[in-house]
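Novice: Here you go, one structure.
The values are calculated or read from the model by the stated rules, or taken from the named source; none is laboratory data. Because the structure is predicted, anything quoted here is derived from the model rather than measured. Please note: Cβ atoms are built from the backbone with ideal geometry, for glycine as well, and neighbour counts cover all protein chains shown.
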Amino acid sequence: MRARSRHELSSRLLRAGFEAEEVEAELIRLEEVGLVDDRAFAHELAEHQLKVKRSGRRAVASALAAKGVARGTIEQALAELGGNEDEGDRALALASDQARRLTRVAPEVAFGRLVSFLARRGYDGGTARGAARAALKVEDHDD
């Protein structure tokens, strides 16, 4: 069983048929004893997304928002983990790994696939194009 955000737990309990007042009271109790902690949840999920999956900042923020984590908590988790500092490095590492699988593909096709792949992982266009260029070792490419 994985950790869940307060919002996820609340939704799940309400769908299971518990009364809203009961759910709220229990969630408050669980927060007080430290069993529900959105800040720790956001930090853990962001760390996994950034370091293991090498996702971009936007993808991490989107995943946390989808789980009901507050925007301020998301920003705090990303700031603590340096979500911006190594964005280019993560994108390049991911692009390099993926580029090894594209050796039999025409360079322009490989470039497009890498940029699309990185965009789906949450990297902005400039970062994705730069990482794809570096991974494919091309000087310049018409975007």
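Conditions (1) out of contact with any Lys or Arg (no Cβ under 9 Å at 6 or more places or on another chain); (2) among the hydrophobic types (A, V, I, L, M, F, W, C), marked per residue:
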{"position": "R54", "(1), (2)": "no, no"}
{"position": "A70", "(1), (2)": "yes, yes"}
{"position": "I74", "(1), (2)": "yes, yes"}
{"position": "E80", "(1), (2)": "yes, no"}
{"position": "E87", "(1), (2)": "no, no"}
{"position": "R100", "(1), (2)": "yes, no"}
{"position": "A128", "(1), (2)": "no, yes"}
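Novice: Okay, moving on. Do we have any residue at all in segment 61-77 that's buried (at least 19 other Cβ atoms within 10 Å of the Cβ), on the phi > 0 side of the Ramachandran plot and within 13 Å of the chain's Cα centre (by Cα)?
Specialist: No.
Novice: Scan G125, G83 and give me the residue that is within 19 Å of the chain's Cα centre (by Cα) and either at pLDDT below 90 or on the phi > 0 side of the Ramachandran plot (or both).
Specialist: Values: G125 fails: either at pLDDT below 90 or on the phi > 0 side of the Ramachandran plot (or both).
Among G125, G83, only G83 is within 19 Å of the chain's Cα centre (by Cα) and either at pLDDT below 90 or on the phi > 0 side of the Ramachandran plot (or both).
Novice: Can you tell me which residue within segment 105-114, out of those that are touching a residue at least 24 places away in the same chain (Cβ under 8 Å) and of a type in the set (A, V, I, L, M, F, W, C), is surrounded by the fewest Cβ atoms within 10 Å (Cβ to Cβ)?
Specialist: Going through the qualifying residues, I end up with A110.
Novice: Taking the options R54, R15, R58, name whichever one is modelled with pLDDT of 95 or more and among the basic types (K, R).
Specialist: R15
Novice: Can you list the helices (runs of 4 or more DSSP H) lying wholly within segment 1-101 that have 2 or more residues being touching a residue at least 40 places away in the same chain (Cβ under 8 Å), more than 26 Å from A132 (Cβ to Cβ) and not acidic (D, E)? Spell out how you get there, then give the answer.
Specialist: Details: elements: 6-15, 20-32, 38-47, 57-66, 71-80, 87-99.
Result: 6-15.
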